[in-house]
1. Of a type in the set (Asp, Glu) and closer than 30 Å to LYS244 by Cα: is that true of GLU113 in this structure?
2. I'd like to know if the range 118-126 contains one or more residues that are outside any loop (DSSP other than H, G, I, E, B), modelled with pLDDT under 90 and surrounded by 12 or more Cβ atoms within 10 Å (Cβ to Cβ).
3. Kindly list the number of the only condition in (1) surrounded by 17 or more Cβ atoms within 10 Å (Cβ to Cβ); (2) closer than 11 Å to ARG239 by Cα; (3) small (Gly, Ala, Ser) that fails for SER172.
4. Going through the range 140-183 one residue at a time, which ones are aromatic (Phe, Trp, Tyr), in contact with a His (Cβ under 8 Å, 6 or more places away or on another chain) and under 14 Å from ILE227 (Cα atoms)?
5. Please find, within the range 207-240, the residue that is surrounded by the most Cβ atoms within 10 Å (Cβ to Cβ) out of those that are among the small types (Gly, Ala, Ser) and more than 37 Å from the chain's Cα centre (by Cα).
6. If you take just the strands (runs of 3 or more DSSP E) that sit entirely in the range 134-250, which of them hold at least 1 residues that are in contact with a helix residue (DSSP H, G or I) (Cβ under 9 Å, 6 or more places away or on another chain) and within 30 Å of ILE262 (Cβ to Cβ)?
Amino acid sequence: MSSIRLGTKWLVGGVMRVAACCLLMLVATACHRGEELSPLVARVYDHELRKADLKGLVGEGVSVEDSIAIVDNYVDQWVRQTVMLSKAEKNVSDDFSRQLGEYRNSLLVYAYEQQIVNQLLDTHVREYQIIEYYNNHRSQFQLKNSIVKVAYVAAPKKSAFDARLRAIVNKSHFIDDDVMDLEEIASRHGFDGYYDVNSWIPFYTLQASVPITTYNENLFLKQNRSIVISDDSLTYYVRILDYKMSDEVSPLELQHDNIEAIILNHRKIEILSNLQADLLAEAEKSGQIKRNK
């Protein structure tokens, strides 16, 4: 039995290699009658692979050796897949065939809907529309975790800059120049830090970088705007510029892109709803819908 399989594998492989070579050497000047089929490359049961099916498979500038390998591999994959497909076609249940038909229909409808949406969708969302949606749906944007706007520097313990860094983060009025001072000190002396004070980050993200431990986030944030804390090797100089606690409404800037996507999705739904209603009315009016009672 194994010798039969090996012989068959050798025969199929040889046929495919010969076919690949022939395809690459055929000259396109041969005259064929209009009704004549493209030369046969391989056949599996009732399925045929012809030369025309391989058009565009090999790009320009590819060597003859690589071209043969590409075609040979493609034919091999086609034979393997078609053997499985032929077997599956004879053995799948009617129920699966029905499901396959339903899936095909769904794909066709989806492709048509996408075509209409691409033609009709206004993708420009005005800023006032985003603000209006945010104000009218604030309850949808409650925070699940506390967030902060923060700047900090992590310097070696007993650094010569300890007093200066403490003075900066403890200032009663923390301004942009203070952020620049922190960044300049850190950059000049190779200290780690974070200075994007215009972006909100989760409080737990700050805790992942700075060893802050608390059992009550809300109380901690209310009571601490500047924090100086150390671990075994570093001292962290932290300034919290702003915060929002969990269950508060998320800031608009965090929800801006999300709201834009929501508005566009609502427009898509409206387009598809109108499309369905229009097509239904058209079919009814033209007598294309008949219901037997």
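1. So GLU113 does not fit the description; no.
2. Checked the range 118-126: no residue is outside any loop (DSSP other than H, G, I, E, B), modelled with pLDDT under 90 and surrounded by 12 or more Cβ atoms within 10 Å (Cβ to Cβ).
3. (1) is the only condition that SER172 fails.
4. none
5. My answer is SER226.
6. Strands (runs of 3 or more DSSP E) meeting the threshold: 147-156, 234-244.
The values are calculated or read from the model by the stated rules, or taken from the named source; none is laboratory data. These numbers come from a predicted model, not from an experiment. Counting neighbours? That spans all protein chains shown, and the Cβs are built from the backbone with ideal geometry, glycine included.
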